[in-house]
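The values are calculated or read from the model by the stated rules, or taken from the named source; none is laboratory data. Please read all numbers here as calculations on a predicted model, not as lab measurements. Glycine gets a Cβ as well: all are built from the backbone with ideal geometry, and neighbour counts include every protein chain shown. Only protein heavy atoms, including side chains, enter the accessible area calculation; ligands, DNA and RNA are left aside. Shrake-Rupley method; radii C 1.70, N 1.55, O 1.52, S 1.80 Å.
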Amino acid sequence: MSYTSNPDHKRSIDEVLHQCAMMFQNLGTENSKIDYKKARTEERKLLRTVRDLDPEKIDRLLANTDK
């Protein structure tokens, strides 16, 4: 099932994306590069937890986090 065709999958993926956004939103100028690196690592872990719901979409997002 894809993100757009299954409302339950969409809700789950959206929740993870929201958690990732909030994590980066709470980082500020006082945070070190290490803090940002830890956030990127945590983001990748969170995305992998919902990868089975829509592998194509999550793989694109994971590829974009490498840039």
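Annotation for the chain: GluC sites (Glu not before Pro) lying in DSSP loop with at most 14 further Cβ atoms inside 10 Å of their Cβ are GLU30.
Full extension of the chain segment joining SER32 with LEU17 gains 3.1 nm, where the gain is 0.36 nm per residue of separation less the Cα-Cα distance.
Within the straight-line cut-off of under 16 Å between alpha carbons, the aspartates and glutamates reachable from LYS33 are GLU42, GLU43, ASP66, sequence neighbours fewer than 8 places apart in one chain being disregarded. Ligands, DNA and RNA left out, the accessible area of the chain computed with a 1.4 Å probe is 53% carbon and sulfur. Compared with the dominant Cα axis of the chain, that is its longest principal axis, helix 55-65 is turned about 20°. Dividing the summed helix terms, -39500 (n - 2.57) for each DSSP H run of n ≥ 4, by the number of residues in the chain produces a 222 nm estimate of -23000 deg cm²/dmol to the nearest 500. If I compute Kirkwood radius over Cα pairs in Å from the structure I just sent, which labelled value in [x] 16.7; [y] 12.5; [z] 20.1 lines up? Recomputing Kirkwood radius over Cα pairs in Å here picks out [y]. Here THR4 sits with roughly 120 square angstrom of accessible surface, probe radius 1.4 Å. Accessible area per residue for the chain, computed on protein heavy atoms with a 1.4 Å probe, is 73 Å².
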